Amino acid sequence: MPVTLRILLPTLTGLGPDTTGRVFGGSALDGYVAVSTSWKEDLAVENDAYLLEVIFEGELSNVISLVPAAVVLQRQKRLRFLRVTQTILVSGASIQQGSLIPFHFDIPNNVYGLDRDFYLGDREETLPPSLSLISDHVHTKNDMFVRGVCDISYRVRARMITRAGQYAGEASSHPVTFIPTNPSPLPPLCITDFGSEYALAALQKMDVFNFLQLQNSFELSIHTDEPSPLVFGRQKKTPFTTVRLRLRYRHTPTAQDSAHAVSRSPPPEMFFSVQSTLHAATFLSVAPQMSLPKQGDVEASTLLMKKTTVCESRARTLRFSGWKPVDQLDSNNYQWESNTALIFAYEGADLPAPTFACTYASRRYALSIQLRLESHRGTKFRLRVPVQITYCDPSAASPELATVEIPETRCMPPIYTE
């Protein structure tokens with residue numbers, strides 16, 4: 001008996017998909033399989049029984065190839081890393097009448113070993129989000145270009161099986177956008193592992209002459225730390241994070257300075273024009289990565305990268321005032337410090353993939369911050385700060401997530417290590 005199957009997923013926000021069809025890890029996916037047949041009057045069919053098999057699965061396909069492909073030369077990695085099955089007994093009578101058969105899946109965030117042929121150790125590995133991209137081109141030594149394609153996809157499949165073990169009709173498939181969730185803040189990156197990719201401090205030396213042509217020399221340095229993650233998934237709330245900035249001022253004494261004036265006088269308030277941009281770096285590989293890859297590790301044979309600008313914020317002005325002495329460098333020289341906060345709100349139209357790392361793909365983000373001292377237009381500071389993006393299930397959104405601070409511990413290990 002030919003059977004027609006159609007998968008129906010809910011569109012209401014709650015457990016499982018939200019209004020845009022996204023499914024969040026750590027929640028549940030509920031849906032229906034619409035079963036029907038054109039055979040309406042077969043008594044043998046009516047008294048028969050069938051098995052409906054519903055499958056939630058995830059697949060990864062990474063391909064690195066020459067461009068243009070004058071000669072077929074590819075390296076690829078394809079694997080099915082997730083397969084959850086539910087089997088339901090269905091009577092022939094219900095098929096003849098046409099029915100909606102419910103199914104339910106608990107969606108995990110982790111699995112033990114993404115690749116069964118390459119086991120990374122005795123611990124869980126985070127499931128990657130749905131993702132589809134083409135890498136940046138890499139120019140090889142042989143005057144050829146190499147590019148990579150990464151496709152991480154999830155879907156629900158359904159098929160009907162007869163008592164004899166044969167398939168009854170065509171299987172049905174429905175794509176699903178999967179986003180892993182993290183109910184708690186992610187540990188900070190070990191910045192020293194990515195020394196060339198991030199800059200948490202910047203320094204400028206400046207000379208200023210007054211109306212008597214007396215030189216005033218000082219140093220300005222800006223310092224920061226990794227901020228709390230950008231948390232998506234909370235309804236009607238703009239994701240934001242707060243970058244704490246510390247401006248330090250050190251006066252360099254000259255012969256005309258008096259020790260009393262230098263040690264006692266704080267600097268004036270200062271204004272900076274600030275422009276911040278969120279960037280993403282996505283890595284794809286056809287060989288297992290034993291640790292988080294670096295941009296300098298990119299090679300045409302096994303590892304490629306895609307750089308994208310995710311979101312730019314509007315220019316704004318920050319004020320530094322309320323100086324406090326933090327260090328007496330010598331008897332004639334104090335170092336002053338002023339603190340302020342830069343709030344970065346995500347204003348992009350598309351929702352970005354979360355920060356993730358698995359055996360064959362990973363993504364991380366950096367917030368590029370340019371500060372220009374308004375009283376000295378030529379004085380610019382550039383910071384590049386790691387920012388992690390995470391999602392919470394809208395059905396279990398916690399208001400405390402917005403105010404949770406990341407731990408102070410540095411040099412945390414990556415998700416997987418050698």
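The values are calculated or read from the model by the stated rules, or taken from the named source; none is laboratory data. Just so it is clear, the structure is predicted and the values come from calculations on it, not from any experiment. Here the Cβ positions follow ideal geometry from the backbone for every residue, glycine too, while neighbour counts run over all protein chains shown.
Given the conditions (1) under 23 Å from residue 243 (Cα atoms); (2) under 17 Å from the mean Cα position of the chain (by Cα); (3) surrounded by fewer than 17 Cβ atoms within 10 Å (Cβ to Cβ), which single one is not true for residue 281? Evaluating residue 281 over (1) under 23 Å from residue 243 (Cα atoms); (2) under 17 Å from the mean Cα position of the chain (by Cα); (3) surrounded by fewer than 17 Cβ atoms within 10 Å (Cβ to Cβ) leaves (3) as the failure. Looking only at the stretch 283-303, which residues are part of a strand (DSSP E or B) and in contact with an Asp or Glu (Cβ under 7 Å, 6 or more places away or on another chain)? Selection gives 303 alone.
Considering only the stretch 251-285, state which residues are of a type in the set (Gly, Ala, Ser) and modelled with pLDDT under 75.
255, 258, 259, 261, 263
Here residue 88 fulfils each of the conditions (1) part of a loop (DSSP other than H, G, I, E, B); (2) at pLDDT 80 or above apart from (1).
Of the residues that sit in the stretch 1-21 and are touching a helix residue (DSSP H, G or I) at 6+ places or on another chain (Cβ under 9 Å) and farther than 24 Å from residue 92 by Cα, which one is modelled with the highest pLDDT? Within the stretch 1-21, the match that is modelled with the highest pLDDT is 18. So residue 205 clears everything in (1) at pLDDT 80 or above; (2) part of a loop (DSSP other than H, G, I, E, B) except one condition, right? Which one? Checking residue 205 against (1) at pLDDT 80 or above; (2) part of a loop (DSSP other than H, G, I, E, B), the one that fails is (2).
In the stretch 323-350, the residue that is farthest from residue 373 (Cα to Cα) out of those that are outside any strand (DSSP E or B) and either at pLDDT 90 or above or of a type in the set (D, E, K, R) (or both) is 350. Within the stretch 179-189, identify whether any single residue is under 22 Å from residue 130 (Cα atoms), at pLDDT 80 or above and either aromatic (Phe, Trp, Tyr) or not in a loop (DSSP other than H, G, I, E, B) (or both), and answer yes or no. For the stretch 179-189, residues under 22 Å from residue 130 (Cα atoms), at pLDDT 80 or above and either aromatic (Phe, Trp, Tyr) or not in a loop (DSSP other than H, G, I, E, B) (or both): present. If the condition is being assigned to a loop (DSSP other than H, G, I, E, B), at pLDDT below 80 and of a type in the set (Asp, Glu), then the stretch 123-178 contributes 124, 143.
Can you tell me how many residues within the stretch 368-417 are within 23 Å of residue 240 (Cα to Cα) and at pLDDT 50 or above?
Of the residues in the stretch 368-417, 21 are within 23 Å of residue 240 (Cα to Cα) and at pLDDT 50 or above.
Is it fair to say residue 61 is in contact with a Phe, Trp or Tyr (Cβ under 6 Å, 6 or more places away or on another chain), modelled with pLDDT of 85 or more and of a type outside the set (Lys, Arg)? Answer is no for this residue. Looking across the stretch 223-247 at every residue that is surrounded by fewer than 21 Cβ atoms within 10 Å (Cβ to Cβ) and either assigned to a strand (DSSP E or B) or not assigned by TED's automatic domain parsing to the domain that holds residue 348 (or both), the one that is modelled with the lowest pLDDT is identified as 232.
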